[in-house]
Amino acid sequence: MQATRRSKLVRNEGLTGYLYILPWIIGFLAFSAFPILDSLYLSFNHWDIYQPPHWVGLANYRLLFRDPLFYKSLEVTLTYSAMYIPLSLVLGLLISLMLNLKIKGIGIFRTLFYLPSVISGVAVSMLWMWIFNKDYGLINYLLSLVGIKGPDWLNNPHWIVPVYVIMGLWGVGGSAVLFLGGLQNIPKHLYEAAQIDGASVWQRFWKITLPQLTPTIFFLLLTGIVGSFQVFTSAYVINGRGAGGPDNAGLFYMLYLFNQAFQQYNMGYASAMAWIGGLISMILAVIVYRTQNKWVYYEADLSNKGGRS
Amino acid sequence: MGTPSSILTTDEPIHPVNRSTRRTRTFVARLVVYLAMIVLSLAVLIPFIWMISTSLKSSSTMWSFPPKWIPKPFEWKNYSQAFHEVPLARYFGNTMIIEFFVILGQVLSCTLIAYGFSRFRFRGREVLFMIVLATMLIPQQVTMIPMFEMFKWLGWINTYLPLTVPSYFGNPFYIFMMRQFLQTIPLDLDEAAKIDGANSFQTLWRIIVPLLRSSIMIVIVFTFTDVYNDFMGPLIYLDDPNKFTLAVGLENFVSGFGTEWNLLMAGSTVALLPLLILYYFAQKQLIGGIASMGLKG
């Protein structure tokens, strides 16, 4: 009797649990699982939103792999991540080291550096357009003070991606605060032990701080890769209603996808693009994920390696 | 903060060096750090100052080179003109309506779901939670078009429903964060409430929710900024200019008044003001929330 009562209790508990997570289950089916499958289905269809979709087999993919703009948008996106991700990691880490100091006014600096990562979107894109204006913008004015004639940033195919990188780095305080969280989680005894062993500041940084921050670096790498495939608002606003910019040098992947879907109404083609883009970012993420055993340290490992040796 | 010293702080050395050299070294290190931080602060702040300065310049002084930081005279009417050229107040109101319903949905759903995941044992719980985490990595581009198709089929285009309804089904990021926090709350509290005859919902409402207050604040603040900055959603789903949000309305402003930078900057300043105010009040929560996101694997 005892046993049946207990199993009934457990069953009740399970049922209540399911009830609480029911919204998520419904949401997952409606807004994740179904869209993913539907997106795959749509990628084999022609659909202009007015007529119902009709099956065209691999035609969208064949077109896609012959589309120079597809390759261009991929190139823009990957160039951006190759520049932005390493720079934001280094800068974010450096800033977090400073923000971790116990000095006067540190609260003000923490607040200040984090501010830009809260405000993104259209207003900020407008601001940067003005800052990078070739004749009256702030950047070229500052460059002129040191005798450099600044380029026409927004209309020069060589400079447009670096402009997005600079805009992105303005918000690097976001990653700095993540690093700060990581820094504050490093057990103090590791440093004490190292000090007893006479480790120098640099040794302490390379042997303790950096390894302990690898989970944060790992996280930022993953989100950075996924994130660069999502760059949209700034590209849409700065290129002017979703054009590609000079020589399509500002045609980010998401922007091209959006244009195909919601300006040309090539929904099937855009779905194929979504799948290919999704796969590429997924593959990159998996590569990073697979390498994590080699360089990401988690706490479990450290309890053995750390401590006093 | 009770945290380990970073590489630059000078703790009590185990092998004492010459005391005065140490002091000079500390002083120089601090000076360098302060200088670096001041330079970086300027890099953060100058764009804002530049924006406000431009927003107060007349159309003629705006084009002077080298630019003047302090406008002469202050053209306050740029602001009234910006409000006149585009219905900024209406856009703001529309944005706030969406904000209200999304925040409500996000707080309700994420609290319930996180509670379910942390307090009840049920078959497949771990697998389901792994799926929650995995959905964080689904690129938006993959789901965007099918969602549009679905909302179109439901007749929701040009309403706020596509922008608000999904928030009632939980956000993986917040579910994860709240569950992390819930697992630090001792189960004894729940047991005690149960003995007093409370059912699980009463326990959630009376015991857990008050303890979750700071997590809920983080969800509110993060959701607010996300919704406020969202551009693609309203761009896809809204056609009627009367329904535009601030983001979409501002973009229209750029394409309509592309060269009147003083008006554009006045509009941007107005648009950023609510976020800056929110940031002023919530920065502790925001920064603390991000820092404690628990990236411990």
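Suppose R0 equals 56 Å. What FRET efficiency, 1/(1 + (r/R0)^6) with r the Cβ-Cβ distance, do B:Ile207 and B:Thr259 give to the nearest 0.05? Walk me through the numbers on the way to the answer.
Details: r = 59 Å, r/R0 = 1.05.
The formula returns an efficiency of 0.40 here.
If you rank A:Phe65, A:Phe132 by fewest surrounding Cβ atoms within 10 Å, what's the result? Numbers along the way, then the final one.
Working: A:Phe65 12, A:Phe132 23.
Taking fewest neighbouring Cβ atoms as first place, the list is A:Phe65, A:Phe132.
Gap in Å between the Cα centre of region A:7-58 and the Cα centre of region B:64-80?
54
May I ask you to evaluate 6.51 cos²θ - 1.76 cosθ + 1.60, the Karplus curve with θ = phi - 60°, for each residue of region A:257-274 and list the ³J(HN,Hα) values in order in whole Hz, giving x for glycine and proline?
After applying 6.51 cos²θ - 1.76 cosθ + 1.60, I find 4, 4, 4, 4, 6, 10, 10, 8, 6, 8, 5, x, 4, 5, 5, 4, 4, 4 Hz.
Is the shape of region A:188-288 best called rounded, prolate or oblate, per the rule: a/c under 1.5 gives rounded, else a/b larger than b/c gives prolate, else oblate, with a ≥ b ≥ c the square roots of the Cα gyration tensor eigenvalues? Walk me through the intermediate numbers first.
Numbers: a/c = 5.21, a/b = 2.89, b/c = 1.80.
Here region A:188-288 falls in the prolate category.
To the nearest 0.05, how large is the calculated FRET efficiency for A:Leu15 and A:Leu37 if R₀ is 22 Å and r is the Cβ-Cβ distance?
Numbers: r = 28 Å, r/R0 = 1.29.
It comes to 0.20.
How large is the dipole of the protein assembly as shown about the Cα centre if only Lys and Arg carry +1 and Asp and Glu carry -1, each at its Cβ, rounded to the nearest 20 debye? Walk me through the numbers before you get to the answer.
Details: 42 positive and 29 negative charges, 366 e Å.
Value, rounded to 20: 1760 debye.
Given the rule -39500 (n - 2.57) for each run of at least 4 DSSP H residues, summed and divided by the residues of chain B, what is its mean residue ellipticity at 222 nm, to the nearest 500 deg cm²/dmol?
On the way: 13 runs with 196 residues, N = 297.
Computed mean residue ellipticity for chain B: -21500 deg cm²/dmol.
B:Gln183 to B:Glu126: extension gain in nm, 0.36 nm per residue of separation minus the Cα-Cα distance?
Working: separation 57, 0.36 × 57 = 20.52 nm, distance 1.43 nm.
In short, 19.1 nm is gained.
What FRET efficiency comes out for A:Leu142 versus A:Ala59 if R0 is 45 angstrom and r is the Cβ-Cβ distance? Round to the nearest 0.05.
On the way: r = 51 Å, r/R0 = 1.13.
Step by step, r from the Cβ atoms, then E = 0.30.
Cross-link candidates for A:Lys294: which lysines have Cα within less than 25 Å, leaving aside residues fewer than 8 places away along the same chain?
By straight Cα distance, A:Lys294 reaches A:Lys188, A:Lys207, A:Lys305, B:Lys296.
Would you mind counting up the charge near B:Glu85? Only other residues with Cβ under 13 Å from its Cβ, with Lys and Arg at +1 and Asp and Glu at -1.
Overall, the nearby charge balance is +1.
Treating only the Cβ of Lys, Arg, Asp and Glu as charged (+1, +1, -1, -1), what charge dipole size does region A:8-127 show about its Cα centre? Round to the nearest 20 debye.
On the way: 8 positive and 5 negative charges, 108 e Å.
Using only the charged Cβ atoms, the result is roughly 520 debye.
What is the set of long-range amide H partners of A:Asn45 at a cut-off below 5 Å, with H atoms built 1.01 Å from backbone N?
A:Val56
Can you run phi through the Karplus equation (6.51, -1.76, 1.60; θ = phi - 60°) for region A:192-197 and list ³J(HN,Hα) in whole Hz, with x for Gly and Pro?
Along region A:192-197, the couplings run 4, 4, 5, 5, 4, 6 Hz.
First check a/c for the protein assembly as shown, with a ≥ b ≥ c the square roots of the eigenvalues of its C-alpha gyration tensor; if it is under 1.5, answer rounded, and if not, answer prolate when a/b is larger than b/c or oblate otherwise.
Working: a/c = 1.55, a/b = 1.05, b/c = 1.48.
Oblate shape, in that a/c is at least 1.5 and b/c is the bigger or equal ratio.
Less than 19 Å apart at the alpha-carbon level, and either on another chain or at least 8 residues along: which lysines does that give for A:Lys104?
Within the straight-line cut-off, A:Lys104 pairs with B:Lys284.
Connecting C-alpha atoms closer than 10 Å in a GNM of chain B, tell me which of B:Val254, B:Val44, B:Val107 has the biggest fluctuation.
It is B:Val44.
Starting from the Cα-Cα distance between B:Ala89 and B:Lys68, subtract it from 0.36 nm times their residue separation and give me the gain in nm to one decimal. Display every interim value, and only then the final one.
Working: separation 21, 0.36 × 21 = 7.56 nm, distance 3.01 nm.
Using 0.36 nm per residue and subtracting the Cα-Cα distance, I get 4.6 nm.
In nanometres, what is the gap between the two model label sites at A:Gln203 and A:Lys102, each 7 Å from Cα along Cα-to-Cβ?
Taking the two extended label points, one gets 2.4 nm.
Of A:Thr216, B:Met232, A:Gln195, whose Cα points farthest to the positive end of the dipole of the protein assembly as shown (charges on the beta-carbon: +1 Lys, Arg; -1 Asp, Glu; origin at the Cα centre)?
After comparing all options, I get A:Gln195.
Using only Cα positions of chain A, each an equal point scatterer, no hydration layer, compute I(q)/I(0) via Debye at q = 0.15 Å⁻¹ and quote the log10 values to two decimals.
-1.23
Translational D (Stokes-Einstein, µm²/s) of region B:67-216 at 20 °C and 1.002 mPa s when Rh comes from the Kirkwood sum over C-alpha pairs?
Working: Rh = 19.2 Å.
Answer, rounded: 112 µm²/s.
Go through A:Gly57, A:Val237, A:Ile225 and say which Cα lies farthest out towards the positive end of the charge dipole of chain A; charges sit on Cβ, +1 for Lys and Arg, -1 for Asp and Glu.
Farthest along the dipole direction, towards plus: A:Ile225.
Explain nothing, just compute: Karplus ³J(HN,Hα) = 6.51 cos²θ - 1.76 cosθ + 1.60, θ = phi - 60°, for every residue of region B:151-161 in order, whole Hz, x for Gly and Pro.
Result, rounded to whole Hz: 5, 5, 4, 6, x, 9, 5, 6, 10, 8, 4.
Charges at C-beta only: +1 for Lys and Arg, -1 for Asp and Glu. How large is the resulting dipole of region B:80-130 about its Cα centre, in Debye rounded to 20?
Here region B:80-130 has a charge dipole of around 460 debye.
By a straight-distance test (C-alpha under 17 Å), which lysines pair with B:Lys57 as possible cross-link partners, with residues fewer than eight away in the same chain excluded?
Within the straight-line limit of under 17 Å, B:Lys57 reaches these lysines: B:Lys68, B:Lys72, B:Lys77.
Within a 10 angstrom radius of the beta carbon, how do B:Glu99, B:Glu85 rank from fewest other beta carbons to most? Walk me through the intermediate numbers first.
Values: B:Glu99 19, B:Glu85 15.
Placing the least packed residue first, the sequence is B:Glu85, B:Glu99.
Let a ≥ b ≥ c be the square roots of the eigenvalues of the Cα gyration tensor of region A:27-79; is it rounded (a/c under 1.5), or, if not, prolate (a/b larger than b/c) or oblate? Provide the component values of the computation, followed by the final result.
Working: a/c = 2.57, a/b = 1.33, b/c = 1.94.
In terms of gyration-tensor shape, oblate.
What ranking of B:Ser255, A:Ser73 emerges when the number of other C-beta atoms within 10 Å of each C-beta is taken as an exposure proxy, fewest first? Intermediate results must be reported in sequence, preceding the final value.
Values: B:Ser255 10, A:Ser73 26.
With the fewest neighbours first, B:Ser255, A:Ser73 line up as B:Ser255, A:Ser73.
Only the coordinates and a few stated rules stand behind these numbers; no lab work does. A quick note: this is a predicted structure, and the numbers were derived from the prediction, not measured. As a convention, Cβ positions derive from the backbone with ideal geometry for all residues, glycine included, and neighbour counts pool all protein chains shown.
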